[in-house]
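Structure first, then comments.
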Amino acid sequence: MCPAQKNRADALLNPLLVTFRHVSACGSFNRAADGLFLSATAVRKQMNLLEDALGLTLFTRGKRGIRLTGEGKTLLEGLAQLSEAAADVLARARHCAGGAAIRVGTSFLNPASVFIDLLRALDAEGEHAVELVPFDDGRDGILAEIGRLGRDYDFLVGACDSKRWMQRCHFQKLGAYAMCCAVPRGHRLARKRRLALGDLAGEAVVLGARGDSSTVDGARELLLAQEVIRLEDGPFFYDLDIFNACAREGKILLTLECWRNAHPAFVTIPVAWDLRVPWGLLYEKEPSEKVRRFLEGLGAGAGYSAPPTTKACG
C-alpha cells in the first residue's frame, strides 16, 4: 500500500489506533508527537485512553523510552490486517463512485506502454484518464500483484498464458507476442536473423517449468523432438534474475519478442515456429462498474468482447 493510499484508508480507522501505530514505529511518545504535530502529553493521553478502552497494557514505560508488551505486539500485527481491509473497502467504494482515473499496473517486464499506445489510437478524444501504478517484477510476487487487482490497480498489462494467473483473474486479450529465443551476444547463433530448431543442436535452452503455460509446453515438445537439444527448467514466472543467470552461464533463454530490450547481454531472435502468447488486460474476477464500462468502450472501439456480468460493487 503506497503512503497516499494508506493515509486515505486511515480515515476509516479509529484515530487512537492510528496514533498507536505511529507511537509503536517511533518507540517514543516525544518522537511520535513531533511526527503527529501534537504535544507529547496529548499523545500519552491518547494511549492511556486506548489502553483503558481495550482493557490492555500496550506499552511498558521507562526512562529509556517505551516498548510494546505482548498485547501491544499482537494488536499491532492485527492493525496491519485492519489497514489492508480498510484500504480494500475504500477502493471498492471509490470504484462504485465511478469517474476516477483507470489505474494500470506497470513494471519492467510487464510494461503498460503497449496498452497506452493502443488506448491513444482508440480514444483520440482522451475520454479515459489513466494513472500508472508501478510494481516489482520479483518472480515470487506476481501472484500477489494479481491479488491487488480491484484494490490497488484496475488492470495489469501483460502476456498471459498462465493457468495460475487465470485462476485469480479475468483476462481481456488485446494481441499476441511471438515466442523467441534470447541468445547471448557473442554466441555462435547471435548473428542469425531467424533460428531453425536444428540450429539449437548441442545448446542448453532454459524455459519455464512444465504445466503452467500451454504455449511453453508446446515449445518444450518441439524442442524435445530435437534430441540433441538440452532443456533446463526455469521458474514459472520470469524476472531479471533468470536473464542474469543465463547471461552468466551463456545459455539460451526462451523468451517473448516484447522482452527484446530486457537485458543488454542478449539479442532476441525469432524461431521457425508459430508459437505466440496472448497479451492484454488482467482484471479482477468481479469487476467494478467502472472497469466494465471501460472494457465495453474498448470493445466498441476495437471489437473486443465485454466481460461477463458480475456484481458491480461486491
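Considering every residue within the stretch 254-271, establish whether at least one is surrounded by 16 or more Cβ atoms within 10 Å (Cβ to Cβ), of a type in the set (K, R), assigned by TED's automatic domain parsing to the domain that holds A209 and on the phi < 0 side of the Ramachandran plot.
No, the stretch 254-271 contains no residue that is surrounded by 16 or more Cβ atoms within 10 Å (Cβ to Cβ), of a type in the set (K, R), assigned by TED's automatic domain parsing to the domain that holds A209 and on the phi < 0 side of the Ramachandran plot.
Quick check on my filter: what residues within the stretch 171-197 are over 30 Å from G297 (Cβ atoms) and within 33 Å of the chain's Cα centre (by Cα)?
Once the filter is applied, which keeps residues that are over 30 Å from G297 (Cβ atoms) and within 33 Å of the chain's Cα centre (by Cα), the stretch 171-197 yields M179, C180, C181, A182, V183, P184, R185, A190, R194, L195.
Please give the number of the condition L195 fails out of (1) crowded, with 21+ Cβ neighbours inside 10 Å; (2) aliphatic (A, V, I, L, M); (3) in contact (Cβ under 8 Å) with a residue 60 or more places away in the chain.
Condition not satisfied by L195: (1).
Every residue in the stretch 41-71 that is more than 20 Å from A86 (Cβ to Cβ) and in a helix (DSSP H, G or I), please.
T41, A42, V43, R44, K45, M47, N48, L49, E51, D52, G70, E71
Scan the stretch 212-220 and tell me whether some residue there is assigned by TED's automatic domain parsing to the domain that holds E286, surrounded by 18 or more Cβ atoms within 10 Å (Cβ to Cβ) and in contact (Cβ under 8 Å) with a residue 24 or more places away in the chain.
Taking every residue of the stretch 212-220 in turn, none turns out to be assigned by TED's automatic domain parsing to the domain that holds E286, surrounded by 18 or more Cβ atoms within 10 Å (Cβ to Cβ) and in contact (Cβ under 8 Å) with a residue 24 or more places away in the chain.
Tell me, yes or no, whether the stretch 224-235 has at least one residue that is within 24 Å of P134 (Cβ to Cβ) and assigned by TED's automatic domain parsing to the domain that holds R260.
As a first pass, look at the stretch 224-235 and keep what is within 24 Å of P134 (Cβ to Cβ): 235.
Imposing the further condition that a residue be assigned by TED's automatic domain parsing to the domain that holds R260 reduces the set to 235.
Yes, the stretch 224-235 contains at least one residue that is within 24 Å of P134 (Cβ to Cβ) and assigned by TED's automatic domain parsing to the domain that holds R260.
L38 fails exactly one of the following numbered conditions: (1) modelled with pLDDT under 90; (2) part of a helix (DSSP H, G or I). What is the number of that condition?
(2)
Hey, among the residues in the stretch 19-29 that are touching a residue at least 12 places away in the same chain (Cβ under 8 Å) and not in a loop (DSSP other than H, G, I, E, B), which one's farthest from the chain's Cα centre (by Cα)? Spell out how you get there, then give the answer.
Here is the first cut: in the stretch 19-29, the ones touching a residue at least 12 places away in the same chain (Cβ under 8 Å) are 19-24, 27-29.
Now narrow it down to the ones that are not in a loop (DSSP other than H, G, I, E, B): 19-24, 29.
Numbers: T19: 30, F20: 30, R21: 27, H22: 28, V23: 31, S24: 29, F29: 37 Å.
The selected residue is F29.
Listed residues A265, A245; which is without any contact (Cβ under 8 Å) to a residue 40 or more places away in the chain and under 26 Å from the mean Cα position of the chain (by Cα)?
A245
Among all residue pairs at least 6 apart or on different chains, which show Cβ distances below 9 Å where the first residue, located in the stretch 151-168, is in contact (Cβ under 8 Å) with a residue 60 or more places away in the chain and within 22 Å of L118 (Cβ to Cβ) and the second is assigned to a strand (DSSP E or B) and of a type in the set (S, T, N, Q)?
Note: pairs meeting the criteria are F155/Q172; L156/T106; V157/T106.
The values are calculated or read from the model by the stated rules, or taken from the named source; none is laboratory data. Since the model is a prediction, treat every value here as computed from it, not as a measurement. Positions of Cβ are generated from backbone atoms using ideal geometry, with glycine treated the same way; all protein chains shown enter the neighbour counts.
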